[in-house]
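Comments concern the structure below.
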Ligand code: BT5
């Protein structure tokens, strides 16, 4: 646990009251200067911590806090969320889930964070993960499948996120291959699937999901605000994160069972329907400087995107980024 995490835990134990620098230092066995330094780091991460010399420190504002015991209550799943590890601040929940899986954590173990200092997207991109308003979670799965089927889990998670958003908000999101969930063209969620495998066998898969639940656009950096949105921004309502997380775990379990029980085809069909992708005009970046435009013909059995280029060539795309060329 990082030192910053200890401080947040302490402040949350008594959210209404103040905690003097001296009391925090004594409780954590560190110097007052170290407390001051960590508070500074937390503020930089986006935590709103009020401080007054006479009274001490306090977490400001109404906090929609993540509470694993509340999430676990009435979850009703058999696999996902049987064990939930909560981290107020962490580098990346995918890293934490990897470490836990390497230590032998059971299938269905979930890591959920209030904020990430090194949230990751694909290809070394960053995932903006400020505290108090979003969901960043990673789930460990141990399916008995060959590695080439792993990308299916990105699709299955996309279906789950779509169902969570539409059922809780009534919004009509669209899934964009392979891992984006968009509302009116703006990204509200992303999925990052990583795994450890041998040539023919997966050891474990980590499915990481980030959802912008109650994020204010004003709090986003310029490059993100230009392309992103949040559920709060779209609905005008604050949605309790514990509810979103519990619903997500249920939907992930449903998608997972579907994949294991009915096979990849069932997930692909559901994905294609929710994505409305067949016949849509899209462009895909298939290499760093190669872009092809044409009509999507749907997904192959292993989740690859089939694109019929305008020149008549059919492309089978395993990795890359896609842009919709029409609404
Ligand atoms: C993704 O990558 O969309 C996968 C994001 C997965 C994040 C989760 S959070 C829990 C788990 N732990 C992690 O460390 N990661 C996972 P990609 O398709 O490469 O998209 C990344 C791009 O999305 C960035 O380059 C930005 O343009 C944009 N982006 C970054 N943060 C965003 C945000 N909060 N909302 C919307 N777009 C964002």
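Computed quantities for the displayed model
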{"read-out": "Matching residues in the range 68-81 - criterion: being part of a loop (DSSP other than H, G, I, E, B) and surrounded by fewer than 16 Cβ atoms within 10 Å (Cβ to Cβ)", "value": "73, 74, 76, 78"}
{"read-out": "Any hit, the range 14-36, residues being on the phi > 0 side of the Ramachandran plot, touching a helix residue (DSSP H, G or I) at 6+ places or on another chain (Cβ under 8 Å) and touching a residue at least 24 places away in the same chain (Cβ under 8 Å)", "value": "no"}
{"read-out": "Subset of the range 110-134 that is in contact (Cβ under 8 Å) with a residue 60 or more places away in the chain and near the ligand (Cβ under 8 Å from one of its atoms) - its residue that is farthest from the chain's Cα centre (by Cα)", "value": "122"}
{"read-out": "Answer residue from the range 88-104, given it is outside any helix (DSSP H, G or I) and buried (at least 20 other Cβ atoms within 10 Å of the Cβ) and is nearest to the ligand (Cβ to nearest atom) among those", "value": "92"}
{"read-out": "Filtered residue count, the range 288-327, keeping only those that are over 26 Å from residue 163 (Cα atoms) and either without any contact (Cβ under 8 Å) to a residue 24 or more places away in the chain or part of a loop (DSSP other than H, G, I, E, B) (or both)", "value": "14"}
{"read-out": "Tally of residues being closer than 15 Å to residue 122 by Cα, assigned to a strand (DSSP E or B) and within 11 Å of the ligand (Cβ to nearest atom) across the range 148-204", "value": "10"}
{"read-out": "Subset of the range 205-228 (residues that are free of Cβ contacts under 8 Å to residues at least 24 places away in the same chain, more than 7 Å from the ligand (Cβ to nearest atom) and exposed (fewer than 14 other Cβ atoms within 10 Å of the Cβ))", "value": "218, 222, 226"}
{"read-out": "Residue identified as assigned to a loop (DSSP other than H, G, I, E, B), at negative phi and surrounded by 19 or more Cβ atoms within 10 Å (Cβ to Cβ) among 277, 268", "value": "277"}
{"read-out": "Failed condition for residue 41, given (1) in contact (Cβ under 8 Å) with a residue 60 or more places away in the chain; (2) touching a helix residue (DSSP H, G or I) at 6+ places or on another chain (Cβ under 8 Å)", "value": "(1)"}
{"read-out": "Residue 239 buried (at least 16 other Cβ atoms within 10 Å of the Cβ), more than 25 Å from residue 75 (Cα to Cα) and modelled with pLDDT under 95", "value": "no"}
{"read-out": "Hits in the range 225-249 - residues which are over 20 Å from residue 113 (Cα atoms) and part of a helix (DSSP H, G or I)", "value": "225, 233, 234, 235"}
{"read-out": "The range 110-131: number of residues that are assigned to a loop (DSSP other than H, G, I, E, B) and surrounded by 24 or more Cβ atoms within 10 Å (Cβ to Cβ)", "value": "2"}
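The values are calculated or read from the model by the stated rules, or taken from the named source; none is laboratory data. Here the structure is a predicted model, which is why all the values come from computation and not from measurement. Don't worry about glycine lacking a Cβ; one is built from the backbone with ideal geometry, like all the others, and counts go over all protein chains shown.
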